[in-house]
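**Q** Below are the structure tokens for one structure; questions will follow.
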Amino acid sequence: MALFLQTTFLTSSSSLRQKPCLSSWASHISTSRTRTRVHAKIREIFMPALSSTMTEGKIVSWVRSEGDKLSKGESVVVVESDKADMDVETFYDGYLAAIMVEEGGVAAVGSAIAFPAAAAAPVSESTTGSGAVEKAVVVAPPSPSVVASAVHPASEGGKRVVASPYAKKLAKDLKVDLGRVIGSGPNGRIVAKDVEAAAAVAAELGSPAAKVSAAPAVQAPPGIELGSVVPFTTMQGAVCRNMVESLSVPTFRVGYTITTDALDALYKKVKSKGVTMTALLAKATALALVKHPVINSSCRDGNSFTYNSNINIAVAVAIDGGLITPVLQDADKVDIYSLSRKWKELVDKARAKQLQPQEYNTGTFTLSNLGMFGVDRFDAILPPGTGAIMAVGASQPTVVGTKDGRIGMKNQMQVNVTADHRVIYGADLAAFLQTLAKIIEDPKDLTF
């Protein structure tokens, strides 16, 4: 830090790391020209901990460039954590003095990724001769050569498109291809008005981008080079660590068959009102957990366990490059219509990698549903820090024997619960599954 605090810095030049020699800085300011001297204090932008499991983060894109003026509270960099892409804001007014970790680079949580200069009142002066180097930051007025191009580098060459979260959502709603949009935001970042303008132009030209197609566009899968070694992404690394950690917990599994005819009939009635099957299953599970709080408990230290005060249902969602579990908080207290709207919002944010930490790390019970893929049964791995996870299979027509001795046909699904045997026992799970089955087979309480 001494080097940064005792040297002069020209915002129109490249990064400080490329000019470590103090004498070169002195010679650089020896030419006669007018500059703006800003008395400033060099601060640091650290890699933030965006989740409780995050140990390092990857720089997705820099929203600001070296030498750019910064305002407190504005986004400076987009960071990929182990769960989502998130904007990191600056806490100071000033200038971005130096970027220490380039786009695509990885840094440990708490390490410096950039140095902003928090500036005081600037004073114009004329510098003639080498003179003494003061403990101040010298900022040259930006020249045309440092104005960012209209297209952000991260949007070129087939790389990640840099856009605001709202712009991404808007593009999805308006069927606009962000890869064809030129951003007008900082460093070419795509903002909402760019998407709206592209949609308007597409509508005038009759472009397919503005039309709602009956089926999603077919895209060729990315090429895979057989025999190649592919490093984990940040998210895949986090999943790997969590799965290994789960091996230290003694678990057991209990399966149960549930008839879904009544639930299927209810779903057909309320589907047009925006209710999802995921929300119905989450609601039914939450109501069953109310009566069996030990299934909603958790053991973290191996010496005690906690009866969680909230019933937060985490639901596994597959996203590009990994898996995440958005959380429906207080699912037992929220009506099914609000729960469904919240679930859709969470899924949209998850696939845009914009979930906030409290939206994915507060689950107390987890659902994993592969029924939509025709999977009839499977086992799930217990997430660390929770007491149980339930794997839900597909509902299928099944020949069954009725109570009066006849043969009938019913829709049934298999559920398998994996639980922490330090806290939860077989009889506990059996009682919970019986209650869950009663709620699903007579689901009148789900819509209240």
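**Q** From the set of residues in region 193-213 that are of a type in the set (Gly, Ala, Ser) and under 15 Å from Leu170 (Cβ atoms), which is modelled with the lowest pLDDT? I'd like the intermediate steps shown before the answer.
**A** Let us first name the residues in region 193-213 that are of a type in the set (Gly, Ala, Ser), namely 197-200, 202-203, 206-207, 209-210, 213.
From the residues that got through so far, the ones that are under 15 Å from Leu170 (Cβ atoms) too are 197-200, 202-203, 209-210.
Details: Ala197: 83, Ala198: 85, Ala199: 83, Ala200: 80, Ala202: 77, Ala203: 73, Ala209: 49, Ala210: 42.
Per the criteria, the residue is Ala210.
**Q** Listed residues Lys283, Lys271; which is modelled with pLDDT under 95, part of a helix (DSSP H, G or I) and closer than 21 Å to Trp343 by Cβ?
**A** Only one candidate passes the filter, namely Lys271.
**Q** Got a number for residues in region 266-287 being open to solvent by 40 Å² or more (accessible area, probe 1.4 Å) and among the small types (Gly, Ala, Ser)?
**A** 2
**Q** Right, here's the next one. Among all residue pairs at least 6 apart or on different chains, which show Cβ distances below 7 Å where the first residue, located in region 364-393, is within 17 Å of Met243 (Cβ to Cβ) and the second is of a type in the set (Lys, Arg) and surrounded by fewer than 24 Cβ atoms within 10 Å (Cβ to Cβ)?
**A** Every condition considered, the pairs that remain are Asp379/Arg253; Gly385/Arg300.
Quick grid of which residues meet (1) open to solvent by 10 Å² or more (accessible area, probe 1.4 Å); (2) modelled with pLDDT of 95 or more; (3) not in a loop (DSSP other than H, G, I, E, B); (4) not β-branched (Val, Ile, Thr):
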residue	(1), (2), (3), (4)
Asp301	yes, no, no, yes
Ser304	yes, no, no, yes
Asn310	yes, yes, no, yes
Ala314	no, yes, yes, yes
Ala318	yes, no, yes, yes
Leu323	yes, no, yes, yes
Ala350	no, no, yes, yes
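**Q** Going through region 222-260 one residue at a time, which ones are modelled with pLDDT under 90 and in contact with a helix residue (DSSP H, G or I) (Cβ under 7 Å, 6 or more places away or on another chain)?
**A** Selection gives Phe232 alone.
**Q** For region 61-73, enumerate the residues that are touching a strand residue (DSSP E or B) at 6+ places or on another chain (Cβ under 6 Å) and either buried (at least 19 other Cβ atoms within 10 Å of the Cβ) or among the charged types (D, E, K, R) (or both).
**A** Once the filter is applied, which keeps residues that are touching a strand residue (DSSP E or B) at 6+ places or on another chain (Cβ under 6 Å) and either buried (at least 19 other Cβ atoms within 10 Å of the Cβ) or among the charged types (D, E, K, R) (or both), region 61-73 yields Ser61, Trp62, Val63, Arg64, Glu66, Asp68, Lys69, Leu70.
**Q** Scanning region 179-197 for residues that are open to solvent by 30 Å² or more (accessible area, probe 1.4 Å) and either of a type in the set (A, V, I, L, M) or in the same structural domain as Asp68 (by the TED database) (or both), which turns out farthest from the chain's Cα centre (by Cα)?
**A** Ala197
**Q** Sticking with this structure for a sec: So how many residues does region 388-421 have that are open to solvent by 70 Å² or more (accessible area, probe 1.4 Å), modelled with pLDDT under 95 and not in a strand (DSSP E or B)?
**A** Number of matching residues: 3.
**Q** Determine if region 50-57 includes at least one residue that is hydrophobic (A, V, I, L, M, F, W, C) and modelled with pLDDT of 80 or more. Before the answer, list the steps.
**A** Residues of region 50-57 that are hydrophobic (A, V, I, L, M, F, W, C), as a first pass: 50, 54.
Subsequent filtering for residues that are modelled with pLDDT of 80 or more retains none.
Within region 50-57, none of the residues are hydrophobic (A, V, I, L, M, F, W, C) and modelled with pLDDT of 80 or more.
**Q** Please go through region 56-96 and pick out each residue that is part of a loop (DSSP other than H, G, I, E, B) and closer than 28 Å to Met235 by Cα.
**A** The answer is Val63, Arg64, Ser65, Gly73, Glu74, Ser81, Asp82, Lys83, Ala84, Thr90, Phe91.
**Q** Right, next: Being of a type in the set (Val, Ile, Thr) and closer than 21 Å to Thr306 by Cβ is the filter here, so list the residues in region 423-448 that pass it.
**A** If the condition is that a residue be of a type in the set (Val, Ile, Thr) and closer than 21 Å to Thr306 by Cβ, then Val423, Ile424 are the ones that fit.
**Q** Sticking with this structure for a sec: Hey, does region 362-374 have a residue that's open to solvent by 40 Å² or more (accessible area, probe 1.4 Å) and part of a helix (DSSP H, G or I)?
**A** yes
**Q** Sticking with this structure for a sec: What residue, of Val254, Val290, is aliphatic (A, V, I, L, M) and open to solvent by 70 Å² or more (accessible area, probe 1.4 Å)? Give the steps one after another, and end with the answer.
**A** Values: Val254 fails: open to solvent by 70 Å² or more (accessible area, probe 1.4 Å).
The conditions single out Val290.
The values are calculated or read from the model by the stated rules, or taken from the named source; none is laboratory data. Everything quoted here is computed from the prediction, not taken from an experiment. As a convention, Cβ positions derive from the backbone with ideal geometry for all residues, glycine included, and neighbour counts pool all protein chains shown. Side chains are part of the model used for accessible areas, which takes the heavy atoms of the whole protein and leaves out ligands, DNA and RNA. Shrake-Rupley method; radii C 1.70, N 1.55, O 1.52, S 1.80 Å.
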